[in-house]
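Worksheet: the structure to be examined is printed underneath.
The values are calculated or read from the model by the stated rules, or taken from the named source; none is laboratory data. The structure presented is a predicted model; accordingly, all values stated were derived computationally and were not measured. Backbone-built Cβ (ideal geometry, glycine too); neighbour counts: all protein chains shown.
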Ligand code: RTP
Ligand code: MG
């Protein structure tokens, strides 16, 4: 399996509860390496742009407001089959459906305040990494 990259966000419900380290430790224990990381406060433009694919969904406004509500930590993760590995450790979108031991089962508060984002394909990972990082900010 090839070493690839994925994009992750530690969401406002987690930074608010001081869980940046706890979430990052779960990512690292799953075999992922943090090769870029920064704490930012998303602007409305960034939140709307990042989630543009969900613009027509009923929860879009709530999602954008949430992502702007507190700082987030955006990260590039590297590892074997990183996209799938990250999705596996994240768990299902709704924590009620998430498997035992996953980040969302352990930490998420609700389907909206669900602690982490992770790219859902290698193609989207590249787009999402480029949205927040310059190549010289990523140190593998
Ligand atoms: P993500 O993109 O954040 O990794 O999560 P996902 O693929 O599991 O979920 P997705 O369907 O892409 O939805 C993106 C984010 O929107 C929020 N959401 N709220 N209130 C709701 O019914 C609802 N559904 C989704 C969640 O924060 C979800 O992660
Ligand atoms: Mg998604």
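Among the residues of segment 40-59, those identified as under 16 Å from the mean Cα position of the chain (by Cα) and not in a helix (DSSP H, G or I) are 40, 41, 42, 51. Applying the selection to segment 112-125, what residues are touching a residue at least 40 places away in the same chain (Cβ under 8 Å) and away from ligand 2 (no atom under 12 Å from the Cβ)? Once the filter is applied, which keeps residues that are touching a residue at least 40 places away in the same chain (Cβ under 8 Å) and away from ligand 2 (no atom under 12 Å from the Cβ), segment 112-125 yields 112, 113, 115, 122.
Taking segment 91-111, which residues are crowded, with 16+ Cβ neighbours inside 10 Å and either touching a strand residue (DSSP E or B) at 6+ places or on another chain (Cβ under 9 Å) or without any contact (Cβ under 8 Å) to a residue 60 or more places away in the chain (or both)? Selection gives 91, 92, 95, 98, 102, 103, 104, 105, 107, 108. Let me spell it out: the conditions are (1) part of a helix (DSSP H, G or I); (2) more than 26 Å from residue 139 (Cα to Cα), and residue 113 meets all of them except one. Which number is the exception? Checking residue 113 against (1) part of a helix (DSSP H, G or I); (2) more than 26 Å from residue 139 (Cα to Cα), the one that fails is (1).
The numbered conditions (1) surrounded by 13 or more Cβ atoms within 10 Å (Cβ to Cβ); (2) within 13 Å of ligand 1 (Cβ to nearest atom); (3) not in a loop (DSSP other than H, G, I, E, B) are all true for residue 5 except (2). Scanning segment 76-101 for residues that are under 17 Å from residue 125 (Cβ atoms) and in contact with a helix residue (DSSP H, G or I) (Cβ under 8 Å, 6 or more places away or on another chain) returns 76, 77, 79, 82, 83, 86, 89, 90.
Filtering 79, 140 for residues that are modelled with pLDDT under 95, within 18 Å of residue 3 (Cβ to Cβ) and outside any helix (DSSP H, G or I) leaves a single hit, 140. Of all residues in segment 121-136, exactly one satisfies the criterion of being exposed (fewer than 15 other Cβ atoms within 10 Å of the Cβ) and within 9 Å of residue 83 (Cβ to Cβ), namely 121.
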